[in-house]
Amino acid sequence: MVSVSPVGDRGRAIARFKLWYRVHKWTSLVCTAFLLMLCLTGLPLIFFDELDELLGNRLTPAPVAEGTPPAAIESVIAAGLARHPGWVVQYVVWDRDEPNVILLNVAARRPAPRGTQRIEVVDAHTAEVLGEKKLYEGVLYFVRQLHKDMFAGLPGSLLLGGMGILFCASIVSGVLLYGPFMRKLAFGTLRFERQRRIKWLDMHNLLGIATVAWVSMVGLTGSITTLSDPIFRLWQREQTASMLAPYRDRSVPAALASIDQVIATVRQAFPGTMPSYVAFPGMPAAGPDHFMVSMRGDTPLTSRLPRAVLIDSVTAEIVDVRAPPWYLSVLLLSQPLHFGDYGGMPLKIIWAMLDIVTIVVLGSGLYLWLSRRRSPLGMQLAELEELANES
């Protein structure tokens, strides 16, 4: 029978503790600055719609009686084009956050050079033009782009996704460190009688373990989101090319089917869905003689799942339908979990409170590292063993 040495077991436990400590320290240090930026910019983005309206950037239609039918899309288009004689509509977009608003992307021709288009905001019930929407200016635009990709496009987005993965590694290693620390302490213990650094360590551990499920979910879905956007655009480009390939040599018809007829056809074919946007013939997304309609579900979660429907521009008949593959649907469904925008104001408040707690955890972790650097390495390892033995 082989005997097990308690000293040997203790030595291996201390070695594992030190290993996970180093993993936790370096993964946290690499990503902390980025995570602090994401938490600070994410806080106002939780309330993006409310702040957008408060800053006067949101063009909101007057309330209407329940059951009031929407105006015909043709009249909405006519109202928007009245401000731009001789122009054409490129896209009709239904605002996901404000269902009583329709956005018209108008330009001198189809297609038009980037930056020459205008976006008119129209009341969906009265066909009244509410004003022009500015997409690329303002404080909230700056905050959103900083949070999304740091104004570095896809490389910036992927870098932040990598920081999210490091953050998940930091969380896992932190959980594995929490057990030895708390072996002889009651949950939630804060040793106020000890030196300041120990008090901050206890606070860091308590807040970290209390929010571990939320930060894991937000960190993981944030990393997934950085992948879902480029993957979705790639799928969209490939599927659009595949759907339009047989019709590339055609020309734009002189007379188009009514846009209202197109919408009615798609709604009838796919009950429980609503249009997200319509691309007009002549646009790259629709081809020369078709409408491309993107349909989505009518619930907060299914509204993230698009379905591309190709419509004949003369007969208004459905020509082709494509839905995203299951793996892309999973990626897209992670977005509302990350932003917390599917449960109304109560969920937004919970997300904001947890975001603030995460900022405290990150800040306290940074303080612990900076304060520890004042000690020589030997003293640091001795303190580490002391804390492990205490616990």
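Side notes on the structure shown:
- Qualifying positions in the range 226-248 - more than 31 Å from the chain's Cα centre (by Cα) and free of Cβ contacts under 8 Å to residues at least 24 places away in the same chain: 245, 246
- Screening the range 27-36 for residues that are of a type in the set (A, V, I, L, M, F, W, C) and more than 13 Å from residue 370 (Cα to Cα) and picking the one that is surrounded by the most Cβ atoms within 10 Å (Cβ to Cβ) gives 35.
To keep it simple, each residue is scored yes or no on (1) free of Cβ contacts under 8 Å to residues at least 12 places away in the same chain; (2) in contact with a Leu (Cβ under 9 Å, 6 or more places away or on another chain); (3) among the basic types (Lys, Arg).
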site: 98; (1), (2), (3): no, yes, no
site: 102; (1), (2), (3): no, no, no
site: 105; (1), (2), (3): no, no, no
site: 113; (1), (2), (3): yes, no, no
site: 117; (1), (2), (3): no, no, no
site: 120; (1), (2), (3): no, yes, no
site: 124; (1), (2), (3): no, no, no
site: 133; (1), (2), (3): no, yes, yes
site: 137; (1), (2), (3): yes, no, no
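- Here the range 1-22 is the region considered, the condition is being aliphatic (A, V, I, L, M) and closer than 22 Å to residue 171 by Cα, and the residue that is modelled with the highest pLDDT is 19.
- When residue 356 is tested against (1) loosely packed, with under 15 Cβ neighbours inside 10 Å; (2) assigned by TED's automatic domain parsing to the domain that holds residue 39; (3) out of contact with any Leu (no Cβ under 8 Å at 6 or more places or on another chain), just one condition goes unmet, and that condition is (3).
- Matching option when the condition is over 20 Å from the mean Cα position of the chain (by Cα) and surrounded by 17 or more Cβ atoms within 10 Å (Cβ to Cβ), among 59, 55: 59
Yes/no matrix, rows are residues, columns are (1) in the same structural domain as residue 281 (by TED's automatic domain parsing); (2) modelled with pLDDT under 90; (3) over 30 Å from residue 207 (Cα atoms):
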| site | (1), (2), (3) |
| --- | --- |
| 114 | yes, yes, yes |
| 129 | yes, no, yes |
| 133 | yes, yes, yes |
| 156 | no, no, no |
| 159 | no, no, no |
| 167 | no, no, no |
| 174 | no, yes, no |
| 193 | no, yes, no |
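- Residue count for the range 301-336, restricted to those that are over 16 Å from the mean Cα position of the chain (by Cα) and not in a loop (DSSP other than H, G, I, E, B): 13
- Residues satisfying the stated conditions in the range 210-234, i.e. surrounded by 19 or more Cβ atoms within 10 Å (Cβ to Cβ) and of a type in the set (A, V, I, L, M, F, W, C): 215, 218, 224
- Among the residues listed as 102, 119, 46, 77, the single one being in contact with a Lys or Arg (Cβ under 6 Å, 6 or more places away or on another chain), surrounded by 13 or more Cβ atoms within 10 Å (Cβ to Cβ) and either small (Gly, Ala, Ser) or closer than 23 Å to residue 295 by Cα (or both): 119
- Residue selected from the range 257-314 under the condition of a type in the set (Phe, Trp, Tyr) and closer than 27 Å to residue 109 by Cα, by the criterion surrounded by the most Cβ atoms within 10 Å (Cβ to Cβ): 291
- Residues of the range 337-353 that are crowded, with 17+ Cβ neighbours inside 10 Å and part of a helix (DSSP H, G or I): 337, 338, 339, 348, 351.
The values are calculated or read from the model by the stated rules, or taken from the named source; none is laboratory data. The structure presented is a predicted model; accordingly, all values stated were derived computationally and were not measured. Glycine also receives a Cβ, built like all others from the backbone with ideal geometry; neighbour counts cover every protein chain displayed.
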